[in-house]
Number of protein chains: 2
Amino acid sequence: MPIRASTEARLLDAADELFFSRGIAATPVDAVLARAGVSAATLYRGYPSKEALVAAVLERRHRVWLEEWDRAIAAQESHEGRLLAVFDALDTFRARPIGSRWCAFLGAAAEYADAPAEIARAVRQDTDTMRARLAGLAAAVDARRADELADQLLLVVTGDLAMRLRSPGHTTATARSVAAALLAR
Amino acid sequence: MPIRASTEARLLDAADELFFSRGIAATPVDAVLARAGVSAATLYRGYPSKEALVAAVLERRHRVWLEEWDRAIAAQESHEGRLLAVFDALDTFRARPIGSRWCAFLGAAAEYADAPAEIARAVRQDTDTMRARLAGLAAAVDARRADELADQLLLVVTGDLAMRLRSPGHTTATARSVAAALLAR
DNA sequence: GTCTATATGCGGATAGAC
DNA sequence: GTCTATCCGCATATAGAC
């Protein structure tokens, strides 16, 4: 028998919030269960392990992030605006009620030296999708250096995310200024 | 009675290698002791806790990093070269026998949602020193935007470090090209 | 679906003998 | 300085009653 939809949503919400704000290893399964009001039996009927739950939350987060990014792109009317929309998406994504301390995917990658296959796959998918999307948007701005621009912007976005570890109050302002310099070349 | 110097060096080397390549939480104290050939009693006579050992290793690493950076700066003959020397230092630092998977300081910050005071201090010191040094070097290149350049370059360096989590074979090439765009403005 | 209890293993830290 | 044993707490995962 599958887990009831509302129960599963509570479980994923709790896991999302706790894993990525306090850390995966630092969050006992019990804490997730308590926050979700779900019993251990229910969790382990739906997921074979804690790691499977982590992977499931990462996949849901990835879908939500892409939707947010799509909205930010759609709101722009120039090729350049659409390429830079990733920073708008970062701002709105960060303002969501279910937050994370810096980046769920980089955080997961950082916590596991040898990540379980399902988690490694989720992280890889995030990176691959980011790079591919940026390259597609960059091609409309300057086709000759689309891949180069994508790699550069991915580094800038990643830097912006990781800067949150250094300065809690970090904003996307610096990343935006670096991106502007890249486009001005 | 203090720990003998050679014993302490073995302990710090083992901790350095394991904590920052496999992860702090993922590395049991026993693994460090086994690698160093040191007994638990000796460790706990020199350090009150595992966290104190982590902080000690971070501090040593910080000193070594600054020396490496100094050498890279000294090898340059232009203001611009000295500002960009941070990337040369990153390359040589990465090639050392005792490596880390991405960045020891960011890794420590990522692992602790509420870092012990000693560890938080080490991470903060790394960030503060980086920013201050970059600002000093940037002032010689363009005094009017020294602070802005420092913030931008710190983000680029941080992005380069975090990109290692996404792509294991990552090099400083992309970061260098972004830095070049920043200086070309 | 929940609750409580529990099997099982591991990690940090300490104590005593040598 | 090392070795061995051990206390203690915690975390994942499971089982049984309701």
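The table for this structure:
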| item | result |
| --- | --- |
| Centroid-to-centroid separation of segment A:158-178 and segment B:110-147 [C-alpha atoms, Å] | 13 Å |
| Pairwise FRET efficiency - B:Ile3 versus A:Ala40, Cβ, R0 = 56 Å, nearest 0.05 | 0.80 |
| Positive-end residue of B:Gly37, B:Phe20, B:Val57, charge dipole of segment B:17-86 with Cβ unit charges | B:Gly37 |
| Probe 1.4 Å - accessible area at A:His79, Å² to nearest ten | 100 Å² |
| Candidates A:Ala104, A:Ala113, A:Ala173: whichever shows maximal mean-square fluctuation once chain A is modelled as a Gaussian network with Cα springs under 10 Å | A:Ala113 |
| For A:Ala135, net neighbour charge (Lys/Arg +1, Asp/Glu -1) across residues whose Cβ lies under 9 Å away | 0 |
| Gain upon complete extension [A:Glu148, A:Arg22; 0.36 nm per residue less C-alpha separation] | 41.9 nm |
| Inter-copy spacing of B:Ala74 label points, which lie 7 Å from Cα along Cα→Cβ, given in nm from shortest upward | 5.9 |
| Centroid-to-centroid separation of segment B:8-70 and segment A:61-83 [C-alpha atoms, Å] | 44 Å |
| DSSP-assigned coil residues among trypsin sites (Lys or Arg not before Pro) in segment B:46-154, each with at most 11 further Cβ atoms within 10 Å | none |
| Solvent-accessible ranking of B:Thr172, A:Thr129, largest area first, probe 1.4 Å | A:Thr129, B:Thr172 |
| Solvent accessible area, Å² - A:Met163, 1.4 Å probe, full protein context | 10 Å² |
| Per-residue ³J(HN,Hα) for segment A:128-142, Karplus 6.51 cos²θ - 1.76 cosθ + 1.60, θ = phi - 60°, Hz, x for Gly and Pro | 4, 5, 4, 5, 5, 5, 4, 5, x, 5, 5, 4, 6, 8, 8 |
| Neighbour net charge for A:Asp30 - beta-carbon separation under 14 angstrom, K R +1, D E -1 | +3 |
| Segment A:51-183: relative contact order as a whole-number percent, Cα under 8 Å and 6+ apart | 25 percent |
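The values are calculated or read from the model by the stated rules, or taken from the named source; none is laboratory data. These numbers were taken from a predicted model, which means no experiment stands behind them. As a convention, Cβ positions derive from the backbone with ideal geometry for all residues, glycine included, and neighbour counts pool all protein chains shown. Surface areas here come from the heavy atoms of the whole protein model, side chains and all, with no ligands, DNA or RNA. Shrake-Rupley method; radii C 1.70, N 1.55, O 1.52, S 1.80 Å.
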